[in-house]
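Have a look at the structure below, then the notes.
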Amino acid sequence: MLRLGRGLYRHRWLLTRRTVQIVILLAFIVAIPGYGKIAEGNLASSLWFGELKLTDPFILLQTFFAGSTIALPALIGALIVGGFYAFLAGRLYCSWVCPINLITDLAYWLRKRLHIKGNMSLSRSLRYWVLALALALSFLGGTLAWEMINPITRFQRELVWFSFSGAMLLGALFLFDLLVSRRAWCGHLCPVGAFYGLLGRYGRLKVTATPTESCDTVGCSRCVTVCPEPHVLAPVVSKQAQSVTSGDCTRCGACLDECHEGTLSMKLDLVGMVTRKAGK
Ligand code: SF4
Ligand code: SF4
């Protein structure tokens, strides 16, 4: 029993965010007797509790570039979502909400278990080019270009209406991450993750280090090895910074689960926001 408790504690961040991801997915699928579904639609555009309309701000941006009319409820919904992620951290969306993260994390887990070493090197900035391309195509085609293939929307559709083409796309994404390039999709290619990373660049929820003697002694860097975006921890591990400031950090908490020295914590840094403003 004690071992089970310790095991759960050691994976507390992973278990918590998996629970959140699955609850959000189920909210779109499962109807509560006498009430119905908690959420209608999908992550691109949804209605929660029959009242609250939420819109993915990246969808709104594509709509704008496509020259389509933006309805006021969609604009308000995007401001709510955008404001939330801009304040806390944009890529919280990746590790706490996006269902594709379940697939890519599984591919990475399996990659490690199978000791697959082959790794096609991709630039992390590729995702920004894909983001720019998606917006350019929306502008030129007068349509929401990324939505035609967006695996996130496809995933949600697949859960309700299975389609061969959707399953093929998701399968290809999984196999690419598993066999070809480590963390290829979420870490290098996805424009949605890139968009949220930019949106939450100055988010106040931060992985923060409290340097301890034991950390110096152990010098393990285990946090870096489990991080899906390892470059974000480099300044902290090398003691150049006390907290992770990169917008690429997904706030997944993997580093916190792995840090047995208690050096890392997730903090809401409101003081930094005030000093940054004052310093301007
Ligand atoms: S990078 Fe893209 S696919 Fe991956 S978790 Fe983030 S939004 Fe989802
Ligand atoms: S620094 Fe920690 S919270 Fe941020 S992406 Fe890496 S493992 Fe996740």
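The values are calculated or read from the model by the stated rules, or taken from the named source; none is laboratory data. Since the structure is predicted, the reported quantities are computational estimates derived from the model, not experimental observations. Note: ideal-geometry Cβ built from the backbone for every residue, glycine included; neighbour counts use all protein chains shown. Just so you know, the surface numbers come from the protein's heavy atoms only, side chains and all, with ligands and any DNA or RNA stripped out. Shrake-Rupley method; radii C 1.70, N 1.55, O 1.52, S 1.80 Å.
Here K277 passes the criteria (1) at pLDDT 95 or above; (2) among the charged types (D, E, K, R); (3) surrounded by fewer than 18 Cβ atoms within 10 Å (Cβ to Cβ) except the one numbered (1). Every condition in (1) open to solvent by less than 30 Å² (accessible area, probe 1.4 Å); (2) part of a helix (DSSP H, G or I) holds for P228 except the one numbered (2).
Which residues, taken from the stretch 90-148, are farther than 30 Å from Y202 by Cβ and open to solvent by 60 Å² or more (accessible area, probe 1.4 Å)?
Initial filter on the stretch 90-148 (farther than 30 Å from Y202 by Cβ): 106-107, 109-120, 140-143, 148.
Selection gives L106, W109, K112, R113, L114, H115, K117, N119, M120, L140, M148.
Only residues that are farther than 15 Å from L159 by Cα and either within 22 Å of the chain's Cα centre (by Cα) or at pLDDT 95 or above (or both) were counted in the stretch 23-38, giving 1. Residues of the stretch 149-174 that are touching a helix residue (DSSP H, G or I) at 6+ places or on another chain (Cβ under 8 Å), open to solvent by 40 Å² or more (accessible area, probe 1.4 Å) and in a helix (DSSP H, G or I): R154, R157, L159, V160, L169, F174.
Scanning the stretch 17-33 for residues that are of a type in the set (S, T, N, Q) and open to solvent by less than 70 Å² (accessible area, probe 1.4 Å) returns a single hit, Q21.
Answer yes or no as to whether F164 is in the same structural domain as L25 (by TED's automatic domain parsing), without any contact (Cβ under 8 Å) to a residue 24 or more places away in the chain and farther than 27 Å from R201 by Cβ. Against the criterion (in the same structural domain as L25 (by TED's automatic domain parsing), without any contact (Cβ under 8 Å) to a residue 24 or more places away in the chain and farther than 27 Å from R201 by Cβ), F164 qualifies.
Restricting to the stretch 1-22, count the residues that are more than 16 Å from ligand 1 (Cβ to nearest atom), under 16 Å from the mean Cα position of the chain (by Cα) and among the hydrophobic types (A, V, I, L, M, F, W, C). Give the steps one after another, and end with the answer.
Pass one, the stretch 1-22, residues more than 16 Å from ligand 1 (Cβ to nearest atom): 1-12, 15-16, 19.
Okay, now just the ones that are also under 16 Å from the mean Cα position of the chain (by Cα), so 15-16, 19.
Imposing the further condition that a residue be among the hydrophobic types (A, V, I, L, M, F, W, C) reduces the set to 15.
Matching residues across the stretch 1-22 total 1.
Considering (1) at pLDDT below 95; (2) not in a loop (DSSP other than H, G, I, E, B), the lone condition that T245 does not fulfil carries the number (2).
S243 - would you say it is outside the structural domain of G83 (by TED's automatic domain parsing), touching a residue at least 24 places away in the same chain (Cβ under 8 Å) and farther than 22 Å from G82 by Cβ?
Working: outside the structural domain of G83 (by TED's automatic domain parsing): yes; touching a residue at least 24 places away in the same chain (Cβ under 8 Å): yes; farther than 22 Å from G82 by Cβ: yes.
So S243 passes the test.
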